[in-house]
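Throughout, read-outs are computed from the coordinates displayed, never taken from laboratory work. Just so we're clear, the structure is a prediction, and the values are computed from it rather than from any experiment. Neighbour counts are summed over all protein chains in view; Cβ atoms, including those assigned to glycine, are modelled from backbone coordinates with ideal geometry.
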Amino acid sequence: MTNSEKTPGVPDKIPETKISDAEKIKLAEERADRVERATKMAEERARAAKRKAASFESAASGDYGYAPEPTKTLTYYNTLQRFRTRVYKTFIVIFLTLISLVVLYPLIYAVSAAFSPGRSISATSIIPFGGGFTTKHFVRLFSETNYLLWFKNTLIISAGTSLSTVLVCSLAAYVFSRFRFVFKKSIMLALLILQIFPSFIGMIAIYVILLRINGLDSLWGMVLIYLAGNIPYNTWLVKSYMDSIPRAYDEAARLDGASSARTFFSIILPQAKPIITFLAIVSFTGPWMEFIFAKLILRSNENQTLAVGLFSFVTDRKNEFTLFCAGALIVAIPFVAFFVITQKVLVSSLAGAGVKE
Amino acid sequence: MFTLDRNGSSRKKIFLASLLFMGLAHLVFLKQYIKGAIFAFIEIVVLVTSPFIVRIIGGMITLGEPKPGLTVFEKDHSMFMLIDGIIVLAVLFIFVSLYAISVRGALSTYKEFCALGQLPSYKKIISEMSTKAFPVAALSPLVVLILFFVVVPLVFSASVAFTNYSSPDHIPPNNTVDWVGLDNFKTMFGGDITWTGALGRVAAWTLIWATAATVTCYAGGMLMAVIMHETKLKISPIFRTLFILPYAVPAVVSMLVWQNLLNGSFGTINRTLIELGLMTQETTIPWLSDPTLAKFTVVLINLWAGFPYFMLLTMGSMTAISKETFEAARIDGASRLQVFKSITLPSVIYQTMPLIIMSFTHNINNFGAIFFLTGGNPVVADSTTTSAKGTDIVVTWIYNLTLNLQKYNYAAVLAVCIFVVLAPFAIFNFRRTKSFKEGEL
């Protein structure tokens, strides 16, 4: 019997003194009594500890059916717990359902407007899909407006921006990550400070510069603007990622005689695939909804983009809300599908963006 | 005279020669003929075009003379002169940088000579140039684009703040523009009661807006993430997918839909409320046409559009907290609230801090959320003079000033203000980057 396991309240030895038998008996009885009391106390404690542990376990696992000792009190306790959890969960489900109704309301309404007869918002029924069903707006989009042309222009601009951004930013990021050269620090600091300005602050100057290089009302002019606007932030982003790729890889490639360009394209670029994909997607989606420069630079109707075209449907002069919804629906579907499919990746990459640097 | 000493005494000679004429040291002392010839050629080009350069820069200083007798095409166009001047300055900046590079290159070659006792062989120069060619080629598109499409426009914008480039009296090519010093700043900051009042109003609203938008979206997103993380419902993924939708739909689309739904007289929301008997035709809620209510509506709709981003973000960073931490807290007897308060919240905030700051700066510049939802409306007392309406933030005001009112000078003053306000945030974010901490920069 080690010291710690000792029953509390009982001394190890009864002092041996010269006492009478009656006294001896009395002492022995007292001793037995004490032992009994102590044992009871210990048992109670163990029971309490067990109960506590059980309740934690059930709280953690969500299983309230487990009772260590099926006493009346404990069953009652568990039923109460289970009931409370049920109420709590029901409440949460109701709450989440209400929120999703608010979240979905405008979207459902917009979808229904795309299929309802009538032109302006005042002509649509207040109940989604309550005013009849028609696809005439989609027919009008393709027959009476330049929708298809706008779609094509936007696609060209986005693809161009995405490709050039990936190429320019990843090359520059590689150089910033792996080479030492004069003015490296100044250029990197400049990029960081330039990155806070929305590019339309300098829109008048950009307009004049494009005028000088004959790039007004042209798609490549737009690509140049978007590309330049993308560079500062994204170069930093890709550079930070490339810093985390071990240098041993490119050193090995160099020892094997690979040139810088070869090392970049066959070693670094594949390693940086996640961030490159992210960059490609972000720079592809940006131009779809950019409005300011598209409005300023692309003057002719044939060269317009979707954002400007769609916006023109709902200005004061032309109140074609249903046509707008039909056009918006076609653009929004691929966006939504993409986000829903990639939501898991999105969660981790957004968290990654937070943890990095 | 053209020989070099190994003991470092010829350093001065090299330095002066390379400074005197770009590439001279390379040609005369270091026998790097190709490199020297290229440098010398660049300097010759600059020298040949120098009268032109001087003329352009002179034009930038004078901004042209009014020439009443001439036709529009022959008059001085002040703004073209200003931009051309800035572009030439940018080119000169590149030239000076190249000059610095050539001087440093010559000196480092000489240092090598002192150490090795011989100039680098022809073969070595070629191989060195080919390794250096890659970074130069890779960086030049970036430098050129940034210089001409980001730096030049921003410098132009900042310069315009010191001119009187504005409608109706100073719009080229009919009239010239002049430098006016700090006059625009004086007008905006106290000189003119209308403009100062508008600036104060818009600046205050911009800050309130950015703070409210960031805080509501962050709190809303975190609430959703925690609820779904804690309850572990089987149907949470469905809810999560639904909640992502506002983030997935492009802002132009969703904001324009909201604008129509919230329209005071024929918007769906007010019509629905009338049908439900909650109000009558006369008592409709002016969601977007009452200056105060419109501000609340804008923040609320932005919450609708912005909470999914922070929900995803919080979910992502909550999965990064180790499960052991939660279990340990549970065993110690912590309640749900305690776990949230002392474990989830601090670690999520710590991880998402830079993104909160980025979101704040993004909201200061959040053109789309305001422009497509309200267009800056409703009109307030000073709107006809200043074009700043009830819900306009600084960036949408800049847009109005530029495209509607053509008060480019005041728009430029606002751009400078944005720089002053946002620069500290950029520096803060810079100081906590890994490369800064590791002393690389």
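Between B:V136 and A:W220, the FRET efficiency from the beta-carbon distance, with R0 = 25 Å, is close to 0.55. Taking the number of Cβ atoms within 10 Å of each Cβ as an exposure proxy, the fewest-first ranking of B:H362, B:H77 is B:H362, B:H77. Taking the convex hull of the alpha carbon positions in the protein assembly as shown and averaging its projected area over all directions gives 56.5 nm². Dividing the alpha-carbon radius of gyration of region A:73-228 by the rule-of-thumb value 2.2 N^0.38 Å gives 1.84.
Peptide B:226-233 has a mean of 3 when you count, residue by residue, the C-beta atoms of other protein chains within 10 Å of its C-beta. Farthest toward the dipole's positive end in region B:84-174, which of B:A138, B:I126, B:A161, given Cβ charges of +1 (Lys, Arg) and -1 (Asp, Glu) about the Cα centre? The listed residue farthest towards the positive side: B:I126.
Pairs of Cα atoms nearer than 8 Å and 6+ residues apart set the relative contact order; for region B:186-437 it is 25 percent. In this structure the amide hydrogen of B:T163, modeled in the peptide plane, comes within under 5 Å of the amide hydrogens of B:V180, none closer than 5 places in sequence on its chain. Going from the residue with the fewest nearby Cβ atoms within 10 Å to the one with the most, B:M22, A:M289 rank A:M289, B:M22. Loop-located chymotrypsin sites (Phe, Trp or Tyr not before Pro) across region B:68-144 with a Cβ neighbour count of 16 or fewer within 10 Å are B:F73, with loop assigned by DSSP. Shielding value for A:170-178 is 4, the average number of Cβ atoms from other chains within 10 Å of each residue's Cβ.
Using a ≥ b ≥ c from the Cα gyration tensor of region B:186-437 (square roots of the eigenvalues), is it rounded, prolate or oblate, where a/c under 1.5 gives rounded and otherwise the larger of a/b and b/c decides, a/b for prolate? Oblate is the answer for region B:186-437, as a/c is 1.5 or above yet b/c matches or exceeds a/b.
Counting only alpha carbon atoms, the long axis of helix B:236-248 and the longest principal axis of chain B meet at about 60°.
When B:L82, A:L216 are arranged by Cβ crowding within 10 Å, least crowded first, meaning fewest neighbours, the order is A:L216, B:L82. Helix B:345-364 against the longest principal axis of chain B: what's the angle in degrees, Cα atoms only, rounded to the nearest 10? It works out to around 70 degrees.
Charge tally around A:P117: other residues with Cβ under 15 Å, Lys/Arg +1 each, Asp/Glu -1 each, net +2.
On C-alpha positions alone, give me the angle between the axis of helix B:291-319 and the longest principal axis of chain B, in degrees, nearest 10. Around 70 degrees separate the two axes.
Neighbouring Cβ atoms from other chains, within 10 Å of the Cβ of residues in B:257-269, number 5 on average.
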